[in-house]
């Protein structure tokens, strides 16, 4: 009886292992969805849709994009964190690593509730001044900013453009005042008429204004120069160290995606980002594809979380 029981148990265990292995090998076995926590039409939404078209054939299932906007991305991220179907992905962005420092009541944890798949894109913030500004370079901004009087437009309290000016002040000892607007597009008119001294804005919104000579770029917040602005130095090149500030997008998986599924997603994402259709769509949005491993994204998320969290705490920034 004992021998028969052991054999039966071994057989059942082997069958269970085979079933689990088959389930992982057959993943995905239903359509996948990418939740975008922002409205349709923006770079995150466009990037998700471009990737979905290319990744769907590679994964053998439809990949649909679902916009769940609101509360600075919290609504969409919460929806993804609470998904239990094992086929839900999230288009994450910079706000994921900033909001936890601003709010202690979030119903999700970005490290507990999501598995990294890979980076998607990056777009540096650019320090710009009005075309007729006497501030010709970053050194001039630092010198003038030692005394009160300069201001910088931001797209709201706790946004990346706000954190960037606070980081700049911390790195340089300047006293530049942030002025909050309702979004980046609202900042532009006051930059053009020189009501604002400067602004840290995303590259896509700036490209036509820079090309027309209506604004002047002084530095980019990416680690390397932007191929869209090859003559504009990085902050490090301009003499300000530790001043990386860029928006990014990354693909993450909600609970229930098996390890083998994560590997499939990683490979499909990397292939899609190298494809000409995706590169062309991204170029139209003004963003640059970024290819990383799952481990590389995990490290980057932790670094962003710690860096911006320190800025929020040290500068006394509060949620509004």
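Annotations
- Only a single item in (1) surrounded by 17 or more Cβ atoms within 10 Å (Cβ to Cβ); (2) more than 15 Å from residue 34 (Cβ to Cβ) is not met by residue 50, and it is number (2).
- Among residues of region 22-52, those that are over 25 Å from the mean Cα position of the chain (by Cα) and assigned to a loop (DSSP other than H, G, I, E, B), counted: 5
- Summed over region 199-217, residues that are over 23 Å from the mean Cα position of the chain (by Cα) and surrounded by 14 or more Cβ atoms within 10 Å (Cβ to Cβ) total 5.
- Qualifying positions in region 170-187 - closer than 12 Å to residue 317 by Cβ and in a strand (DSSP E or B): 178, 180
- Residue 207 being assigned to a helix (DSSP H, G or I), closer than 30 Å to residue 35 by Cα and in contact (Cβ under 8 Å) with a residue 24 or more places away in the chain: yes
- Of all residues making up region 45-70, the number that are closer than 15 Å to residue 261 by Cα and modelled with pLDDT under 95: 0
- Helices (runs of 4 or more DSSP H) fully within region 215-320 counting 3 or more residues that are free of Cβ contacts under 8 Å to residues at least 12 places away in the same chain and farther than 30 Å from residue 81 by Cβ: 276-285
The values are calculated or read from the model by the stated rules, or taken from the named source; none is laboratory data. Computed from a predicted structure; not experimentally measured. No Cβ is skipped: glycine too gets one built from the backbone with ideal geometry, and neighbour counts run over all protein chains shown.
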